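To start, the structure itself, in structure tokens.
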Amino acid sequence: MNQAVATPLTLGISCENCGADLLVEPHLKTVECPYCASTSIVERPSDGSYVDPVFALGFVVGRERARELCVNWIKSRGIFTPKSFKTALPERGRGLYMPAYLYCAVAHSEYTCKIGENYTETYTTTDSKGRTVVRTRTRTEWRNLAGRSANYVRDILVTASAGISNKLLEQVEPFDLRALLRYTPALLSGWIAEEASIGREECRELARTESIEKIGERLSRFMPGDSHADLEHRTWLEDEVTDLMLLPIWVFAVKHADEEEPVQILVNGQTGEVAGFVPRSWVRILSVVLITLLVAALLFFTIAALAAF
Amino acid sequence: MVIAIGTCERCESPIEQGDLRCAICGVCVSVDTGRREAIAIEVMRCDECGAVVEYDERHQAPHCAFCEATMHLERIEDPVEQTELYLPFSVDGREASLTVKRWLGSLGWFRPADLKSKAEVEGVRPLWWVGWAFDAEALVSWTADSNAGAGRSAWAPHAGQVQLHFDDLVVSASRGLSDKEAAHITPSYNLNSAEPSVEPPEGTTIEKFDVQRSQARDRIRSAIRGVATRIIANEHVPGSQTRKVKVEPLLRELVTRRYSFPAWVMAYRYEGKVYRAVVSGQDASIVLGNAPWSYLRIALAVIGGLIFIAMIGLAAALGT
């Protein structure tokens, strides 16, 4: 079920500080007055389409530091990155409180697995000189195991902003949730804050997928034996709780070529972790492949020529 | 002192003052914010001077650039743990030193013969050491290798799930006592005798907790894991030998209490070296300490043993 968010019209308000008329975009919680630079925080009625955040994390990384981290990250990209990208400068970053859902649940799993138990076997063979010798080797006996496991799944974060993909968010995670703050509008003052633009149910699906993945990893560590294979599990998630929260994110746009879309780069506003989808230069990839082939061919012919003499 | 302010809706563990989420299962501690019917628009102003304020990352709070006031935000509190309940001393200093004297005489033949008479007591000091006692319900999932049902390998895999109940389990937080000492005297305490405030004997060293609540929870959780692993290995995994015992406890109703436990610590000197013994403050018969060995007597025993074996060998050789 996709709980679509209603999109009411852009809101017209007047600045409480200087009285200027302001327009607030429907997806934003804050607006900065161009005349007096004060931030108005808009709290819309809680009618199902707008939900108040429960928690927030505050910014720790400031604008200058975030830009510096972003520039260093761009410079340190690999060999296949176009030169135009590596020398591009990020445009003015925006400090954004992005909405995300914090998910937790109780997971009950049933699993089946093949467990490998090692043993040592002695066997008789002949060595290089034709003598009969007794040697030992390690072999694995495979046994079937089925069982149940139960655990809490905690601290799964999924994006509730249509503007930032979950994949990109995952790359700047983790956030330190020990610094969690109870949401208060005072946090948003001076910053841009978004309303949730993806429905709770859709986010829950994303969170479930992430949880099941996490449980798979956990079960893999939980298996006994010397090795294991073919681990399969069925997992039920019960008692789910999803709380809307705001995450501090710096968003930079990098325009590196006229014909290309700008690249979105995120900086975790709490930890300074940087992520973005780096463009690939096909010219560079192709030239590396060609040079490798050329060197290999040269080597081959040199050796062949030497061998012929 | 009341720390718990409510109970988690999901796992029924107590929620403590300053928690924003349940520490066990992660459920948010709900506050009723009420429903908003109309649009509210607000510009944040400084409580002190009325200027417009912004959230400032250097202060990690809304900060007023004019009057330097910083607004308070509700965050997870992580206070240093504090004793809630004290167990009174029911053993006095005289009894404790008599116990240690008796104990010194009961250590066996391998100790110096004059240990009891020559040990100089340096002091008997009362101590209130700190620790947690917890109750919990745990659905424990486990896997293990054991020799039961083993085929060609010496090990076969097993798995299971069992409900365990923990009642008044004590975890030491003491710096003064070693874990071994604390574990040895713990069974002698009557936790029902605890009271919120008790007059200590004169000169009592009152230990303080030196860990924060979050660390305390980690330590309790790892203690639960340790106890569960022992119980599973001994009582639930089939077979007589086990390895790779892994447990995953799903905790419910984890209730933690912070105690100060009474003990007498006695230091004594024997031939210039200092040793110590710890006596439970609630049961004079429980004592644990270290004491010197008599190397002369150990050597005598070893030589005696060797002579004995040699003589048997000789007798056997002569007999044939």
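Read-outs throughout are calculated quantities, based only on the coordinates presented, and are distinct from any laboratory measurement. It should be emphasised that the depicted structure is a prediction, and the values quoted were computed from it without experimental measurement. Virtual Cβ from ideal backbone geometry, glycine too; neighbours counted across all protein chains shown.
So what's the gap between the Cα centers of the range B:221-299 and the range B:74-120, to the nearest angstrom?
14 Å
Let me have the relative contact order for chain B, percent, based on Cα pairs under 8 Å that are six or more residues apart. Before the final figure, lay out the partial values.
Details: 560 pairs, mean separation 81.4, N = 320.
For chain B, the relative contact order is 25 percent.
Helix-only estimate, please: 222 nm mean residue ellipticity of chain A, summing -39500 (n - 2.57) across DSSP H runs of length 4 or more and dividing by its residues, to the nearest 500. Could you put the intermediate results ahead of the total?
Numbers: 5 runs with 74 residues, N = 309.
Per the formula, -8000 deg cm²/dmol.
For B:ALA65 and B:ASP167 in the same chain, what is the full-extension length gain: residue separation times 0.36 nm, less their Cα-Cα distance, in nm?
Details: separation 102, 0.36 × 102 = 36.72 nm, distance 5.38 nm.
Additional length available on full extension: 31.3 nm.
Could you work out, for chain B, what percent of all Cα-Cα pairs fall into each 10 Å distance bin, beginning at 0 Å and stopping at the bin that holds the largest distance?
5, 17, 18, 19, 18, 12, 6, 3, 1, 1, 0, 0
Angle between the Cα long axis of helix A:63-75 and the longest principal axis of chain A, 0 to 90 degrees, nearest 10?
In chain A, helix A:63-75 runs at an angle near 30 degrees to the longest axis.
How far apart, in nanometres, would the label points at A:ASP155 and A:GLU259 be if each is projected 7 angstrom from Cα along the Cα-to-Cβ direction?
Those two pseudo-labels are separated by 4.6 nm.
Under 30 Å between C-alpha atoms is the cut-off here; go through chain A and count lysine pairs that meet it, provided they're at least eight residues apart or on different chains.
Qualifying lysine pairs in chain A: 13.
Strictly under 4.7 angstrom between C-beta atoms: which cysteines of chain A have no such partner?
Lone cysteines by the Cβ rule: A:CYS70, A:CYS104, A:CYS113, A:CYS203.
Give the long-range amide H neighbours of B:CYS28: residues separated by 5 or more places, or on another chain, with amide H under 5 Å away, using H modelled in the peptide plane at 1.01 Å from N.
Hits under the 5 Å cutoff: B:CYS22.
Determine the gain in length on full extension of the stretch A:GLU205-A:THR132; use 0.36 nm per residue of separation and subtract their C-alpha separation, reporting nm with one decimal.
Working: separation 73, 0.36 × 73 = 26.28 nm, distance 6.34 nm.
Value of the extension gain: 19.9 nm.
Evaluate E = 1/(1 + (r/R0)^6) for B:ARG58 and B:ASP210, where r is the Cβ-Cβ distance and R0 equals 41 Å; express this FRET efficiency to the nearest 0.05.
Details: r = 30 Å, r/R0 = 0.73.
About 0.85, to the nearest 0.05.
Can you pull out the GluC sites (Glu not before Pro) in the range A:202-309 that DSSP calls coil and that have at most 12 other Cβ atoms within 10 Å? Don't skip to the answer; put the middle values down first.
Numbers: sites: A:GLU202, A:GLU205, A:GLU210, A:GLU213, A:GLU217, A:GLU232, A:GLU238, A:GLU240, A:GLU259, A:GLU260, A:GLU273; in loops: A:GLU259, A:GLU260, A:GLU273.
Filter output for the range A:202-309: A:GLU259.
Normalising by the residue count of the range B:105-209, find the relative contact order in percent from Cα pairs under 8 Å and 6+ residues apart. Walk me through the numbers on the way to the answer.
Numbers: 114 pairs, mean separation 35.0, N = 105.
Dividing the mean separation by the residue count of the range B:105-209 yields 33 percent.
Provide the three semi-axes, in whole Å and in decreasing order, of the ellipsoid equivalent to the range A:30-151 as defined by the square roots of 5 times the Cα gyration tensor eigenvalues. Please list the in-between numbers first.
Details: eigenvalues 755, 196, 22 Å².
In descending order the semi-axes read 61, 31, 10 Å.
Where in the range A:175-202 is the amide nitrogen less than 19 Å from a point lying 7 Å along the Cα-to-Cβ axis of B:GLU74?
A:177-189
Taking the Cα atoms only, what angle lies between the long axis of helix A:200-222 and the longest principal axis of chain A, rounded to 10 degrees?
So the inclination is approximately 30 degrees.
Give me the Kirkwood hydrodynamic radius of the protein assembly as shown, using the inverse of the mean 1/r over all pairs of distinct Cα atoms, in Å to one decimal. Walk me through the numbers on the way to the answer.
Working: mean 1/r = 0.0320 Å⁻¹.
By the Kirkwood definition, the hydrodynamic radius is 31.3 Å.
Describe numerically, in nm with one decimal, the distance between label points set 7 Å from Cα along Cα→Cβ at A:GLU238 and at A:ALA162.
3.7 nm
Eight or more residues apart or on different chains, and alpha-carbon atoms under 19 Å: count the Lys pairs in chain B matching that. The partial results should precede the final answer.
Numbers: B:LYS101/B:LYS116; B:LYS101/B:LYS118; B:LYS101/B:LYS273; B:LYS116/B:LYS273; B:LYS118/B:LYS273.
Here the count comes out as 5.
Just rank A:TRP282, B:TRP128, A:TRP142, fewest to most, by other beta-carbon atoms within 10 angstrom. Walk me through the numbers on the way to the answer.
Numbers: A:TRP282 10, B:TRP128 24, A:TRP142 15.
Starting with the residue having the fewest Cβ neighbours, the order is A:TRP282, A:TRP142, B:TRP128.
Under 5 Å between amide hydrogens, which residues at least 5 positions from A:MET98 or on another chain qualify, with H placed 1.01 Å from N in the peptide plane?
Here the answer is A:LEU247, A:ILE249, since their amide H atoms fall under 5 Å of that of A:MET98.
Using only Cα atoms, tell me the angle between helix B:93-105 and the longest principal axis of chain B; keep it within 0 to 90° and round to the nearest 10.
On a 0 to 90 degree scale, this one is about 40.
Taking a spot 7 Å from the Cα of B:VAL198 along the direction of its beta carbon, which residues of the range B:235-274 have an amide N less than 14 Å from it?
Only B:258-264 pass the distance filter.
For labels at B:ARG230 and A:LYS214 in the simple 7 Å Cα→Cβ model, what's the distance in nm?
Simple spin-label model gives 3.1 nm for this pair.
At q = 0.15 Å⁻¹, what is the base-10 log of I(q)/I(0) for chain A according to the Debye formula with one equal point scatterer per Cα and no solvent? Please give it to two decimals.
With no solvent term, the Cα-only Debye profile gives -1.20.
Between B:ALA316 and B:GLU122, what's the calculated FRET efficiency when r is the beta-carbon distance and R0 is 60 Å? Round to 0.05. Could the numbers behind the result be given before it?
Working: r = 53 Å, r/R0 = 0.88.
In this case the efficiency is close to 0.70.
Quick one: length gained pulling B:GLU271 to B:LEU191 fully straight, 0.36 nm per residue minus the C-alpha distance? Numbers along the way, then the final one.
Working: separation 80, 0.36 × 80 = 28.80 nm, distance 3.93 nm.
Between B:GLU271 and B:LEU191, full extension yields an extra 24.9 nm.
In chain B, which Cys residues have no partner Cys with a Cβ closer than 4.7 Å?
B:CYS28
Less than 11 Å from a label point 7 Å out along the Cα-to-Cβ axis of B:ALA113: which backbone N atoms in the range B:281-315 qualify, by residue?
Only B:297 pass the distance filter.
Can you work out the FRET efficiency for the pair A:ARG178 and A:ALA297, with r the C-beta to C-beta distance and R0 = 51 Å, to the nearest 0.05? Present the calculation step by step, with values, prior to reporting the outcome.
Numbers: r = 58 Å, r/R0 = 1.13.
Step by step, r from the Cβ atoms, then E = 0.30.
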